[in-house]
1. Could you tell me which residue of region 25-36 is most open to solvent (accessible area, probe 1.4 Å), considering only residues that are part of a helix (DSSP H, G or I) and at pLDDT 95 or above?
2. Just one of (1) touching a Pro at 6+ places or on another chain (Cβ under 9 Å); (2) more than 30 Å from G38 (Cα to Cα) trips up A206, so point out which.
3. For region 196-206, indicate whether the set of residues that are assigned to a helix (DSSP H, G or I) and either surrounded by fewer than 18 Cβ atoms within 10 Å (Cβ to Cβ) or under 13 Å from the mean Cα position of the chain (by Cα) (or both) is non-empty.
4. Scan region 93-150 residue by residue and report those that are surrounded by 14 or more Cβ atoms within 10 Å (Cβ to Cβ) and at positive phi.
5. Report, by residue number, each residue of region 43-79 that is of a type in the set (S, T, N, Q) and either at pLDDT 95 or above or assigned to a helix (DSSP H, G or I) (or both).
6. Hey, can you tell me all the residues within region 52-74 that are out of contact with any Ser or Thr (no Cβ under 9 Å at 6 or more places or on another chain), surrounded by fewer than 21 Cβ atoms within 10 Å (Cβ to Cβ) and either touching a residue at least 40 places away in the same chain (Cβ under 8 Å) or closer than 30 Å to A148 by Cβ (or both)?
7. Restricting to region 158-188, and then to whatever is free of Cβ contacts under 8 Å to residues at least 12 places away in the same chain and aliphatic (A, V, I, L, M), can you tell me which residue is nearest to T208 (Cα to Cα)?
Amino acid sequence: MKTTDQSAITGGLPAHVAVIMDGNGRWAKARGQARIQGHRKGVETVRELVAACAEKGIKAVTLFAFSSENWRRPRLEVRLLRQLFLLALEREIAKLHDNDIQFRAIGDIAAFGPDIVQRVRDAEALTANNRRLRLTIAANYGGRWDIAQACARIAEEVRAGRLLSGDISPETLEPYLSMAGVPEPDLFIRTGGEQRISNFLLWQLAYTELYFTPVLWPDFDRKQFDLALESFTGRQRRFGRTGDQVEAAWRA
């Protein structure tokens with residue numbers, strides 16, 4: 001288990017925030033608009049959240065943009081979401097780079113087509129050396145898929161004789177996961193009222209603090225983000241230890 005710095009144990013801001021951005025369609029429907037209008041508004045909220053994280057010194061934010069289950073949505077909505085993804089890549093990456101923000105996508109993005117794959121790879125290459133904040137977009141991603149593909153890669157290592165099956169441990173699996181090299185999220189936020197993690201970062205969320213809010217994603221402004229951070233900073237993260245042990249470590 002990779003944890004973040006001492007401030008993540010108690011009292012400090014999270015170093016890594018993971019978000020399920022739920023409620024775009026309902027936000028649009030409540031206003032008599034097409035669902036895609038909610039998704040467009042949601043992109044604006046993403047922009048504000050990323051800016052807020054960078055300003056607060058949060059080092060990583062991971063956003064669930066499109067799950068492997070979202071292909072079940074109406075065909076028109078999926079097509080429009082794909083177009084919106086491509087447009088966001090075209091418009092936002094230069095701004096991210098100018099602000100020293102690293103961009104990365106995880107998931108089976110090949111399903112979106114070669115044009116998006118190329119845009120993603122170009123964006124990752126352009127921003128690879130940026131260090132202020134790491135922005136990860138999970139697209140056509142599922143936590144079970146992530147663990148399965150890691151296991152398949154380990155099986156190939158065993159078959160090739162580079163790894164013994166008896167040596168496999170949680171630490172062995174971790175480098176093969178999509179989020180390898182990134183500390184596990186300290187805070188998970190889900191907007192829109194649902195209280196589940198919906199196959200998102202199943203491995204990485206094992207010790208993450210969970211925060212659920214009924215606020216729909218397009219309305220999740222900086223004030224709402226501050227409320228989530230306030231909830232986090234009021235919690236004691238024990239990681240299997242007693243409260244007294246945590247306090248002693250904090251004072252040391």
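1. Here is the first cut: in region 25-36, the residues part of a helix (DSSP H, G or I) are 25-30, 35-36.
So of that shortlist, the ones also at pLDDT 95 or above come out as 26-30.
Working: R26: 104, W27: 26, A28: 0, K29: 165, A30: 83 Å².
Here the answer is K29.
2. (1)
3. Of region 196-206, the ones assigned to a helix (DSSP H, G or I) are none.
Scanning region 196-206, I find no residue that is assigned to a helix (DSSP H, G or I) and either surrounded by fewer than 18 Cβ atoms within 10 Å (Cβ to Cβ) or under 13 Å from the mean Cα position of the chain (by Cα) (or both), so the answer is no.
4. Within region 93-150, G107, N140 qualify.
5. Taking region 43-79 first, the residues of a type in the set (S, T, N, Q) are 45, 62, 67-68, 70.
The answer is T45, T62, N70.
6. Start the filter on region 52-74 by keeping residues that are out of contact with any Ser or Thr (no Cβ under 9 Å at 6 or more places or on another chain), which leaves 52-58, 65-66, 68, 70-74.
Of the ones still in play, those that are also surrounded by fewer than 21 Cβ atoms within 10 Å (Cβ to Cβ) are 52, 54-57, 68, 70-74.
Those that are out of contact with any Ser or Thr (no Cβ under 9 Å at 6 or more places or on another chain), surrounded by fewer than 21 Cβ atoms within 10 Å (Cβ to Cβ) and either touching a residue at least 40 places away in the same chain (Cβ under 8 Å) or closer than 30 Å to A148 by Cβ (or both): A52, A54, K56, G57, S68, N70, W71, R72, R73, P74.
7. Looking at the filtered set, the residue picked out is A180.
The values are calculated or read from the model by the stated rules, or taken from the named source; none is laboratory data. Computed from a predicted structure; not experimentally measured. Heads up, the Cβs are rebuilt from the backbone with ideal geometry, glycines too, and the neighbour counts pull from every protein chain shown. Protein only, heavy atoms only, side chains kept; ligands, DNA and RNA dropped before computing areas. Shrake-Rupley method; radii C 1.70, N 1.55, O 1.52, S 1.80 Å.
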